[in-house]
Amino acid sequence: MAAYKEIVTKAIIGKGKKSFKNNYDIEVEETPSTVLGCWVINHQFKGYKTGEKVGVSGSYDVNIWYSYDNDSKTMVVNKKVEYNDTFNVRLRNQADLAEETDIIVRTLYQPNCSDVKIDGNKIRFTIEKELGVEIVGETKMKIAIEEDEDPWDIIDDDVKEEDLEQIDQEVHEDYL
C-alpha cells in the first residue's frame, strides 16, 4: 500500500481565449477617394484581476493610408486605440483569484484591420484580435511515495597498508 504526500506548487488554474471585433472611425479633413492600406502597430497590453473576472487593458496604433482629390494626392492618418476588455475565465478545482495569482496574457491573433469603408469625411474600419489568458496560482497535488527506502550502499574508501607499499615501490622505481 502506497503512502501519499501533498505538494503545493504553482500551476495554471484557469485558461481561456476570446475574440474581439470592434468598429472605429476617423474623421479626416479631405474627402477620401480610396483607402490604400491600413496597418495596426505598437500593440501593448497588460492583464489584471477585477473581482472574479480578469481584465486586459491595452492599446495599439492604427495607420490608414488613403488618396483624395480624385486619387491625385495621398495622406496617412493615424489613431491610437485604447481598450479595456474583461474575461470570465473558468477556474479549475474550486480555485479562486487570490492575491498571489499571476495573470499571463498572450496575443493569439494580432490586431488586424479586416474592413475599411469611406463615409463622407469619415473612414470607418473594423479591427479584429484574439487574446488568450492564463491564470497561474497555487494548487495542491498528491504523489505516491514508497514506504520502505532502498538501503544505502557502503562505500569503502580505506586504503590498505600493502597498497600503499606497492605505490611507494612503483614511484621509487620510476625515479631511479
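The values are calculated or read from the model by the stated rules, or taken from the named source; none is laboratory data. Just so you know, these numbers come straight off a predicted model, no measurement behind them. Methodologically, a virtual Cβ is constructed for each residue, glycine included, from the backbone with ideal geometry; neighbour enumeration extends over all protein chains shown.
Can you go through Ile12, Ile7, Ile104 and tell me which one is loosely packed, with under 11 Cβ neighbours inside 10 Å, aliphatic (A, V, I, L, M) and touching a residue at least 24 places away in the same chain (Cβ under 8 Å)? Write out each step before concluding.
Working: Ile12 fails: loosely packed, with under 11 Cβ neighbours inside 10 Å; Ile104 fails: loosely packed, with under 11 Cβ neighbours inside 10 Å.
Only one candidate qualifies: Ile7.
Within the range 37-76, work out how many residues are free of Cβ contacts under 8 Å to residues at least 24 places away in the same chain and of a type in the set (Ser, Thr, Tyr).
Total meeting the criteria: 1.
Evaluate the following for Thr34: is it within 30 Å of Ala11 (Cβ to Cβ), in contact with a strand residue (DSSP E or B) (Cβ under 6 Å, 6 or more places away or on another chain) and in contact (Cβ under 8 Å) with a residue 24 or more places away in the chain?
No: the conditions fail for Thr34.
If Thr126 satisfies every condition in (1) surrounded by fewer than 14 Cβ atoms within 10 Å (Cβ to Cβ); (2) at pLDDT 85 or above; (3) among the polar types (S, T, N, Q) but one, which is the exception?
(1)
Look at Asp25 and say whether it is under 23 Å from Asp119 (Cα atoms), modelled with pLDDT of 95 or more and out of contact with any helix residue (DSSP H, G or I) (no Cβ under 7 Å at 6 or more places or on another chain). Step through it out loud before you land on a result.
Working: under 23 Å from Asp119 (Cα atoms): yes; modelled with pLDDT of 95 or more: no; out of contact with any helix residue (DSSP H, G or I) (no Cβ under 7 Å at 6 or more places or on another chain): yes.
For Asp25, the condition - under 23 Å from Asp119 (Cα atoms), modelled with pLDDT of 95 or more and out of contact with any helix residue (DSSP H, G or I) (no Cβ under 7 Å at 6 or more places or on another chain) - is not met.
Kindly provide the set of residues from the range 70-86 that are charged (D, E, K, R) and within 20 Å of Val54 (Cα to Cα), ordered by number.
Correct list: Glu82, Asp85.
I'm told Val159 meets every condition in (1) surrounded by 10 or more Cβ atoms within 10 Å (Cβ to Cβ); (2) of a type in the set (Val, Ile, Thr); (3) modelled with pLDDT under 90 except one. Can you identify the failing condition by its number?
It is condition (1) that Val159 fails.
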